[in-house]
1. Out of the residues in the stretch 1-38 meeting the condition of being buried (at least 16 other Cβ atoms within 10 Å of the Cβ) and away from the ligand (no atom under 16 Å from the Cβ), tell me which one is farthest from residue 70 (Cα to Cα).
2. Take the residues in the stretch 39-72 that are more than 21 Å from residue 107 (Cβ to Cβ), assigned to a helix (DSSP H, G or I) and within 15 Å of the ligand (Cβ to nearest atom); name whichever of them is nearest to the chain's Cα centre (by Cα).
3. Among (1) surrounded by 15 or more Cβ atoms within 10 Å (Cβ to Cβ); (2) under 19 Å from residue 13 (Cα atoms); (3) modelled with pLDDT under 95, there is one condition residue 94 misses while meeting the rest; what is its number?
4. Residue under question is residue 67, and the condition is that it be in contact (Cβ under 8 Å) with a residue 60 or more places away in the chain and crowded, with 18+ Cβ neighbours inside 10 Å; does it hold?
5. Could you please find all residues in the stretch 24-38 being in a helix (DSSP H, G or I) and within 15 Å of residue 83 (Cβ to Cβ)?
6. Scanning the stretch 73-99 for residues that are touching a residue at least 40 places away in the same chain (Cβ under 8 Å) and within 16 Å of the ligand (Cβ to nearest atom), which turns out farthest from residue 7 (Cα to Cα)?
7. Is it true that residue 11 is within 22 Å of residue 117 (Cβ to Cβ), touching a helix residue (DSSP H, G or I) at 6+ places or on another chain (Cβ under 7 Å) and modelled with pLDDT of 95 or more?
8. In the stretch 83-108, which residue that is touching a strand residue (DSSP E or B) at 6+ places or on another chain (Cβ under 8 Å) and in a loop (DSSP other than H, G, I, E, B) is farthest from residue 70 (Cα to Cα)?
Ligand code: MN
């Protein structure tokens with residue numbers, strides 16, 4: 001990829017974030033973190049670049065669905081694909097997030113062997129829409 005992709009990671013759990021950040025960084029992907037609603041709103045307000053948003057469902061003080069709505073309601077970021085990070089057992093959550101506009105989901109706990117391939121797949125879709 002000629003361009004370095006930039007991924008926002010919305011994740012309040014430090015251990016989960018550190019793993020995702022390590023895997024993305026190792027793959028040459030730039031990361032911005034939001035650990036809570038305020039952090040996510042700062043990224044939106046800054047107009048920070050995003051090629052993909054990885055969205056935790058359970059975020060203190062808010063919910064992944066609320067943050068997804070904020071993303072889709074911001075003209076500068078409405079077209080950025082969002083992918084839910086969901087626990088294996090939460091099948092109902094997956095359906096709700098897909099219905100709300102996520103392009104897919106990645107299961108937690110993160111599988112280190114397949115995570116980057118999954119991310120690249122979603123980045124490819126976003127690229128087709130925006131170029
Ligand atoms: Mn969480």
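1. 23
2. 40
3. (2)
4. No; evaluated as a whole, the condition is false for this residue.
5. Step one: filter the stretch 24-38 for residues in a helix (DSSP H, G or I), giving 24-26, 37-38.
Within the stretch 24-38, 24 is the sole residue that qualifies.
6. 97
7. Yes; evaluated as a whole, the condition is true for this residue.
8. First, the residues of the stretch 83-108 that are touching a strand residue (DSSP E or B) at 6+ places or on another chain (Cβ under 8 Å): 83-88, 93-94, 97-98, 101-108.
Checking the rest, the ones that are also in a loop (DSSP other than H, G, I, E, B) come to 88, 101-103.
Details: 88: 25, 101: 12, 102: 13, 103: 16 Å.
So the residue we want is 88.
The values are calculated or read from the model by the stated rules, or taken from the named source; none is laboratory data. Since the model is a prediction, treat every value here as computed from it, not as a measurement. Glycine gets a Cβ as well: all are built from the backbone with ideal geometry, and neighbour counts include every protein chain shown.
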